Amino acid sequence: MADEQRIAVLEQHVRALYEQIGSLRAQLGGSGGKSQAEAAPIAESAPIADAAPIVQAVPIIEAAPASPGPPPIPPRVAPPPPRRPPLPRPQPAPDIDFEKFLGRYGTIVVASLAILMGVGTFLSWAIEHGYLGPTVRVILGFIGAGIVAAVGLWVREKRDVRFGNLLLALSLAIVHVDAWAAGPHLHVLSTVGALAIAAIASAALAALALTTEERTLFAVGFAGAMLAPFVTASEPGSVVMLLTYGWVVIALSLFAIREKGWQPVLWLMVMAAMIYVLSAAQAGLPLLPVDHSWLTVHAPVIFALACAVAALLFARDSNRSKLGLAFLLLACIATFGYAVAARQLEVGISLFGTIAAYLIARELETDERWLVVGNVIVPLGFLFATIVSAGDRNIQALAAAALTVVAAILAFEDEDERVHHLFVTAVASGIAIVVYLFGHEARCIAALALHAALFSVILRSTRARPLIPTISMGLLLASGMSFLLLTERGRYEYAPFLTIASACAFAVVAAWGLFAHVLRSMAEEKADYRQVASFVGGLAILAGFTWIRQELVGAWSRDTSSFALIIYYALAGLALIFAGRFRRVGLWRAAGLALAFYAGYKALAETFTIDAVGLRVGARILVGAFLIAVAYWYRVPRTPGTENDSPIPPPVGAEQVPEPL
C-alpha cells in the first residue's frame, strides 16, 4: 500500500471519529444538563481505546489543525509473572527390600550349601566303599569347578552378569578347596603344584575382570590369589617365599589396574599386605632366638617397603602417594614389632623409611589426613622403633636429635606444612632430652622447662595448635619429676626456696606461666582458644600452689611450718578469689573459697598442735581477718571491670544492689 493510500485511510478514520464526537456533544447539549463548552473537557478526557494507535498519527494530518489533541494513552500494565509449578516433594528413601535380597542371594547360598552337602554325602559314601581314590577325587573336583565356571560364563553372556560373576567366584572357591585337598591333605600334588593351580585360576578370573571392566570380579580374583598360599599349605613354610609370592601378586595387580583407579581394590591390596606381614611376623618370631638370619627376620619390613616401591612405580598419579604412605606405615609397624621382639638396632631402615615418607608427602597437596601420615605418624613411628631397638642411650638421643634437625629444617622451608613439622620437632626434641638426661633429674627438669618455654614462644608466633598438647605433656612430665625432687628432701632439714629442687620447681612454674600467657593472648584473638587457655591457666596456678606448699610443708620447724601453711592456705584462697573475680573464672573463685574454708578449719582444729602460743593465736586471728575480707568481697557491688558479666549495661543513675551471698 502506498503512502498516499495510507494517509487517505487515516483521514477517513479521523473524520469518522470527529463525527462520533460531534454526535456525543449534540446529545449532551440536548439533554440540558451541560453546555457544549462544559462538555468538551469530558469528551477530551474520555479515553477511547480503539483510537489510541490512530491518535498518535494525528499530527501528520493537516486537515484539522484547530481540533484539540487526543487523550493521553494510558500506561500499559505488565502482565503478572507466570506462577512456578510446585516443586515435587522428595520421596522418602525406600526401605531395604528383604524379599528381593533373600530372593537374589539367600536362595543362592542355600542352594549352594544343599548341593555341596549332597555331593559331599555322595563322595563320603563312595570313599568309604573304595569307589573313589585320591586322584579320582581331585580330578572330579577340578571337573566340577570347570562346569561351574562354564555355566557362569554362559550366564554372564546370556542372562545376568552379576549372577554369572557369583558362579565364577564359586568355581574359584572350588578350585582352592580342591587344590588344598590335592596338596597337603591327599598329597596327590606337591605344595608348589597346588599353589600354582590356585594362583592360575585366580589370575584367569582377574584377567577376565580386566577385559570386562568389572571391579568386583577383579577383587575376587585378587583375594583368591592372595589366599592361595594359606589354603594350599598345611603348615607355615618359608617366610621369604611367602612374602615374595605376595609381593609379586600385589605388584602385578597394581600394574594391571594402573589406568583403572579402582580404589576399593587398592585398599584391599593394603589389607592383604597387612595380613601377610602379620602372618610372616608370627611365623618368624619363633626363629628369632635360634636363627638370626638377617633376610628372614627383616623379610616383613622389606616386603612392606617393596610394596611401597611398587605403588610408587605402578599406581596412577591420584593414588600413588597415598598407597606409598600406607605401605610405609605398614613397614613402620613391622619395624616396631620386630624391634620389640629382637632388640636389634634399626637405624638404617628407620632412616630410609623417614626420608621416603617426607619425599612422598611432598607430592601431596590438599589431603590433610595423608599429610599427617607422611609428615608426622611415619617419622615418629620409625623413631620409636629405633629407640626401642637401640640399647644405648646415646644412640637413642642421637636418633631423636637427628629427626629434630630434619623436621626443623623442613618447618623453616615449607610454610604450608609447617604445623606438622613443628609438631615433630617438639616431640623429637622432647624425647631426645628425656632419653639423654634420664637419671639426672634436675638437669632433665630444667631442660624440659626450657624446652616448653621455647616452644611457647614459637606457638605465639606461628599459632601452630598441635604444639599445645606437646608443650602440655612436657610440662606435666617436668612437674611430676619436680614434685618427686621436692618430696625427697628431709623434713625440717632444708631452707625453703634455696635448694636445687626449688630452682627446678621455679623453672617449671615459670614455664607454665609463660605457656598460659601465650594461650590467653591467643584466646583474645580467637575465641576457640578460650577454654584451653582457662584450663592451662588453672594448671599453672595448681603448679605454683603445689610448689609453695611443698616448700613450706617441711621448712624450719614443726610449729613454724604449721603456722606458715595455715597462713599460706588463707592467702592462696584470697588470691584465687580475687583472680577469679578479675578474670571472670568461676572455677578459680570456687577453689579460692574452698581454700579459705580449709584455712579456717586448720586454724580452728589443727592449731592445738602448735606449741608456741604466739603462733597459735596469730594464725587464728590472721585467718579470721582473711575470712572477713572474703565475706566483704562477696557482699560488695559487682564492678564493671571484674564481675559484671551481663551484656546489657545498667541504666545511668541506677542504684547498684549488693551481691548476695
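The values are calculated or read from the model by the stated rules, or taken from the named source; none is laboratory data. Keep in mind the model is a prediction, meaning the values are calculated, not measured. Note that each Cβ is placed from the backbone with ideal geometry, even for glycine, and that neighbours are counted across all protein chains shown.
Would you mind stating whether Ala495 is of a type outside the set (Asp, Glu), out of contact with any helix residue (DSSP H, G or I) (no Cβ under 8 Å at 6 or more places or on another chain) and more than 25 Å from Ser456 (Cβ to Cβ)?
yes
Residue pairs, Cβ under 7 Å, 6 or more apart or interchain, first in the range 582-606 and assigned to a helix (DSSP H, G or I), second at pLDDT below 75 and small (Gly, Ala, Ser). List them.
Ala603/Ala619
If you take the residues of the range 263-294 that are at pLDDT below 75 and in a helix (DSSP H, G or I), which of them is surrounded by the most Cβ atoms within 10 Å (Cβ to Cβ)?
Gly284
Answer yes or no as to whether Ala510 is in the same structural domain as Leu448 (by TED's automatic domain parsing) and within 17 Å of Ala447 (Cα to Cα).
Yes, satisfied.
Can you tell me how many residues in the range 439-470 are of a type in the set (Val, Ile, Thr) and within 25 Å of the chain's Cα centre (by Cα)?
Going through the range 439-470 one residue at a time, the tally reaches 4.
Restricting to the range 311-321, name every residue that is surrounded by fewer than 23 Cβ atoms within 10 Å (Cβ to Cβ) and either assigned to a helix (DSSP H, G or I) or acidic (Asp, Glu) (or both).
Once the filter is applied, which keeps residues that are surrounded by fewer than 23 Cβ atoms within 10 Å (Cβ to Cβ) and either assigned to a helix (DSSP H, G or I) or acidic (Asp, Glu) (or both), the range 311-321 yields Leu312, Leu313, Phe314, Asp317, Ser318, Asn319, Arg320.
Can you confirm whether Glu525 is in contact with a helix residue (DSSP H, G or I) (Cβ under 7 Å, 6 or more places away or on another chain) and acidic (Asp, Glu)?
The answer is no for Glu525.
Take the range 438-456 and flag every residue that is over 18 Å from Ala428 (Cβ atoms), of a type in the set (A, V, I, L, M, F, W, C) and out of contact with any Leu (no Cβ under 8 Å at 6 or more places or on another chain).
Within the range 438-456, just Ala446 meets the criteria.
Which numbered condition trips up Val347, out of (1) at pLDDT 85 or above; (2) of a type outside the set (D, E, K, R); (3) within 24 Å of Leu312 (Cα to Cα)?
Only one criterion in (1) at pLDDT 85 or above; (2) of a type outside the set (D, E, K, R); (3) within 24 Å of Leu312 (Cα to Cα) is unmet by Val347, namely (1).
Among the residues of the range 388-402 satisfying the criterion of being buried (at least 22 other Cβ atoms within 10 Å of the Cβ) and of a type in the set (A, V, I, L, M), which is nearest to the chain's Cα centre (by Cα)?
Of everything passing the filter in the range 388-402, Ala400 is nearest to the chain's Cα centre (by Cα).
Looking only at the range 325-340, which residues are crowded, with 23+ Cβ neighbours inside 10 Å and either without any contact (Cβ under 8 Å) to a residue 24 or more places away in the chain or within 17 Å of Glu368 (Cβ to Cβ) (or both)?
Within the range 325-340, Leu325, Ala326 qualify.
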